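Quick notes on the structure that follows.
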Amino acid sequence: MQKRLVRKLELEMLLSQVKPHPHPKPNLEQYTIPASIAANILYIAAYTYNDIINKNVLDLGCGTGRLAIGAAFLGAKQVVGVDIDKTAVKLAFKNSVENELKDKLQWVAADINAIRGKFDTVLQNPPFGVQKRRADRNFLKKAMELGNKVYSLHKSSHKNKDFIKKLKSANIVSVSPSLFLKKFIKNHGGEIKAVYTMLMTIPHMFFFHQKKKHEFAVDLYVIETR
């Protein structure tokens, strides 16, 4: 069990060393979560809600393992990372070995619908449904089936320039949930405890990207299931 308070900068530095996918697929929306965003999510889950330390944690759609490895580093009892992409899972395992955390982590190459059981906490950076409509809904529904608490990242409806400017200086802002997700989560047995908006930056990765980098707001939903 992790006893000392880990500084966010220390966590972010560790996460920045987790190697991203070498050949991400646009149809799977394989954007590696930025280390700063991953650190914010983990820090909120661990130190605001006590949902990481000594907990059984699932990283749903784990990619190369940033959220899962971060959870293990913060003191999770056991962490499972699941992703449909075998290349991503192999690299996630390698990343866990290089960070000396492999004994606390299990990696599964499978569709999320193959996962059964119950976890204290589910972390996820699901596809936003840009390339495949409603892809985020499947992840959210499955996360609420599997977890007592869910931390799920979604593209924000807060898009105006003044709000984005505010995010650049504030880092994290508490906001109200979208009406659609509020209804969806309630209908599937969840209760929203909080929503935090952050600014995500992704580099030019795919042929259809027109800018060197893209900045947009993302919402972290903290959900308790019933």
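The values are calculated or read from the model by the stated rules, or taken from the named source; none is laboratory data. Nothing here was measured: the structure is a model prediction, and the numbers come from that model. Note that we place each Cβ from the backbone using ideal geometry, even for glycine, and neighbour counts take in every protein chain shown.
Worth pointing out:
- Members of the range 78-102 that are under 19 Å from Leu11 (Cα atoms), assigned to a helix (DSSP H, G or I) and not polar (S, T, N, Q): Ala92, Phe93, Lys94, Val97, Glu98, Lys102
- The number of residues in the range 23-39 being in a helix (DSSP H, G or I), buried (at least 20 other Cβ atoms within 10 Å of the Cβ) and either in contact with a strand residue (DSSP E or B) (Cβ under 7 Å, 6 or more places away or on another chain) or modelled with pLDDT under 90 (or both) comes to 1.
- Flag for Lys77 being farther than 25 Å from His23 by Cα and not polar (S, T, N, Q): yes
- Residue selection: Tyr43 fails the criterion of being out of contact with any Lys or Arg (no Cβ under 6 Å at 6 or more places or on another chain), within 19 Å of Ser152 (Cβ to Cβ) and surrounded by fewer than 21 Cβ atoms within 10 Å (Cβ to Cβ).
- Filter pass, Lys90 being of a type in the set (D, E, K, R), over 28 Å from Ala217 (Cβ atoms) and over 14 Å from the mean Cα position of the chain (by Cα): yes
- Of residues in the range 103-117 being in a loop (DSSP other than H, G, I, E, B) and more than 18 Å from the chain's Cα centre (by Cα), the one surrounded by the most Cβ atoms within 10 Å (Cβ to Cβ): Gly117
- Extreme residue, modelled with the highest pLDDT, among residues of the range 125-177 that are aliphatic (A, V, I, L, M) and not in a helix (DSSP H, G or I): Val150
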